[in-house]
Amino acid sequence: QTMTRELGHLRQQSHVESLQSLEPALDYIRETDDGFYRIEQSYQSAQNLPMMLQYPGLSHFSSAEKPEVMTFLEKMGLKNCYGIWSCYNFGSTAGTDALLGVRKIMSPQPLNHIKGYPLVEQINGVSIYDNPNALPIAMLAEDTVRQVSMEGDDYFALHNALWSGIRGEQIEVVQKEENVQVSFANLQELYADPVSTYYEKTEEGAPASVRFEVTISQEKPLYAYFTSQVDDQDVFISVNGVDRGIYFNAYRWDMFYLGTYSPGEIVTVEMHVSKNELDFGQGYFYYEDLENLSQVSDTIRQMPVTLEKQSGSRLSGNFTAEEDKLLLFTIPYDAGWKVKVDGKSAAAEVVLDCLLAVPVTAGTHSFELRFIPEGTAAGCVLLITALLWTGYLTVPHEKKNIRKQNQSVR
């Protein structure tokens, strides 16, 4: 078993059994697909599940994680909890899965009606889905990706800008629904700033809500995301009167799927305010165009980059570029990554405020990434120096002891 203990949580037998139930599904994935890709699950049962069960995922809990990594994943639609925990949950959109190379998804509930992923297998009550649009961890991108700004709170629009930057042309993987009516019940505005508005209940202790009426214009998966400056507000979401759980909370504040509806239908989304105040910015509603996503991911895969894991800190591969490009990795930039192209050192750079990229020229090339943590060389020098000093100080002392022993024998 690969089970390990995490903060004592696994002392609960039911929790242990829940995690153990995933291992047969993971074993199946490893046995049937030995490629280099990411795996995720559509539910949260532990904060560091990928680390605990030793599979490559996006979810991660660490107070040492770089803020730019957590912020990037938040803008991709995942939950960012206090800057220390990135939670995949339902995984944002299919576009996020595709870009970040999430090829296998485990779920206890059907997902194919949401993202169109084919069901591969069901093991121990866990459904395994395959994402046909998942991109490799390395891809060839246009130089325009360098100019993509990651600013703004409309993360859906940011996704379009990101895909457009990679391809060097206008791409819409999500499309905004503008016909949205907003109303407030038992809430009065106290003050506003450029980012959000602060409300209080008109009648303290009575029910209060923000209501969105969305008139459907496209029969495509509809997603929502709400902005605020305050976490832990414990707002509860309902869609057409059906409870969809908590929001603005440490465990839930991400892009989420509302459903797929027919044009002309009116979808009602309500934010039920449990506390006596609410900090609220904007509500964004976007359709995901799975056909456009499939086309753009196919185009990128037609310029294949092979990537092979040599070890936990070394990757290698090759590619053919018809013209000068950027070799883009969906791996966070770190100064510890040392890159070689055709055996020669190459200058790595950061794009999209987070990801690693290397400028490359036209032609067929090989490349290698090796991770050497900063300070390794200095640490080795200090270690060797310490060992030499230890030897220098110890040897004379030992010789002196030997002479004393010889004198005592005489």
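The values are calculated or read from the model by the stated rules, or taken from the named source; none is laboratory data. All of these numbers come straight from a predicted model, not from anything done at the bench. All Cβ positions, even for glycine, are placed from backbone atoms using ideal geometry, and neighbour counts span all protein chains on display. Note: areas computed on protein heavy atoms with side chains; ligands, DNA, RNA excluded. Shrake-Rupley method; radii C 1.70, N 1.55, O 1.52, S 1.80 Å.
Do the conditions hold for Leu26, that is, is it farther than 16 Å from Leu78 by Cα, out of contact with any strand residue (DSSP E or B) (no Cβ under 7 Å at 6 or more places or on another chain) and not hydroxyl-bearing (Ser, Thr, Tyr)? It is true that Leu26 is farther than 16 Å from Leu78 by Cα, out of contact with any strand residue (DSSP E or B) (no Cβ under 7 Å at 6 or more places or on another chain) and not hydroxyl-bearing (Ser, Thr, Tyr). Report, ordered by the first and then the second residue, all pairs with beta carbons closer than 9 Å, sequence separation of six or more or different chains, a first member in region 192-211 that is within 16 Å of Asp153 (Cα to Cα), and a second member that is part of a strand (DSSP E or B) and open to solvent by 70 Å² or more (accessible area, probe 1.4 Å). Note: pairs meeting the criteria are Thr197/Glu189; Thr197/Leu190; Thr197/Tyr191. Scanning region 32-51 for residues that are under 24 Å from Pro110 (Cβ atoms) and part of a helix (DSSP H, G or I), which turns out most open to solvent (accessible area, probe 1.4 Å)? For region 32-51, the residue satisfying everything is Thr32.
Looking across region 234-265, just one residue is open to solvent by 40 Å² or more (accessible area, probe 1.4 Å) and in contact with a Cys (Cβ under 8 Å, 6 or more places away or on another chain), and that is Tyr251. Contact map, region 249-262: first residue touching a residue at least 12 places away in the same chain (Cβ under 8 Å), second residue part of a loop (DSSP other than H, G, I, E, B) and among the small types (Gly, Ala, Ser), Cβ cut-off under 7 Å, separation 6 or more or different chains; pairs are Asp254/Gly77; Asp254/Ser92; Met255/Gly77; Met255/Ser92. From the list Glu65, Glu74, the lone residue that is within 25 Å of Leu328 (Cβ to Cβ), charged (D, E, K, R) and under 9 Å from the mean Cα position of the chain (by Cα) is Glu74.
Give me a count of the residues in region 330-351 that are open to solvent by less than 70 Å² (accessible area, probe 1.4 Å) and either touching a His at 6+ places or on another chain (Cβ under 8 Å) or more than 18 Å from Thr306 (Cβ to Cβ) (or both).
Within region 330-351, the first condition is being open to solvent by less than 70 Å² (accessible area, probe 1.4 Å), and the residues that meet it are 330-332, 334-337, 339, 341, 343, 346, 348-349, 351.
Narrowing further to those that are either touching a His at 6+ places or on another chain (Cβ under 8 Å) or more than 18 Å from Thr306 (Cβ to Cβ) (or both): 332, 334-337, 341, 348-349, 351.
The qualifying residues number 9.
The residues of region 340-350 that are within 26 Å of the chain's Cα centre (by Cα) and either small (Gly, Ala, Ser) or at pLDDT below 95 (or both), listed by number, are Ala347, Ala348. Which ones in region 352-361 are open to solvent by 50 Å² or more (accessible area, probe 1.4 Å) and part of a loop (DSSP other than H, G, I, E, B)? Answer for region 352-361, where residues must be open to solvent by 50 Å² or more (accessible area, probe 1.4 Å) and part of a loop (DSSP other than H, G, I, E, B): Asp353, Thr361. Might you let me know whether region 275-284 holds any residue that is under 21 Å from the mean Cα position of the chain (by Cα) and closer than 26 Å to Tyr43 by Cα? Yes, there is a match, as at least one residue in region 275-284 is under 21 Å from the mean Cα position of the chain (by Cα) and closer than 26 Å to Tyr43 by Cα.
Of all residues being free of Cβ contacts under 8 Å to residues at least 60 places away in the same chain and open to solvent by less than 50 Å² (accessible area, probe 1.4 Å) in region 166-185, which is nearest to Glu291 (Cα to Cα)? Just the residue, please. This residue is Gly168. Going by the conditions given, is Ser127 at pLDDT below 90, open to solvent by less than 20 Å² (accessible area, probe 1.4 Å), under 27 Å from Ala224 (Cα atoms) and small (Gly, Ala, Ser)? The answer is no for Ser127.
Just so you know, in region 187-232 the residues that are polar (S, T, N, Q) and open to solvent by 70 Å² or more (accessible area, probe 1.4 Å) include one that is nearest to Tyr287 (Cα to Cα), and it is Gln229.
Taking region 288-310 as the range and being open to solvent by less than 50 Å² (accessible area, probe 1.4 Å) and in a strand (DSSP E or B) as the test, the residues that pass are Glu288, Val305, Leu307. Checked against the criterion of being touching a helix residue (DSSP H, G or I) at 6+ places or on another chain (Cβ under 6 Å) and assigned to a loop (DSSP other than H, G, I, E, B), region 327-343 contains not a single residue that satisfies it. Scanning region 106-124 for residues that are among the small types (Gly, Ala, Ser) and either without any contact (Cβ under 8 Å) to a residue 60 or more places away in the chain or buried (at least 20 other Cβ atoms within 10 Å of the Cβ) (or both) turns up just one, Ser107.
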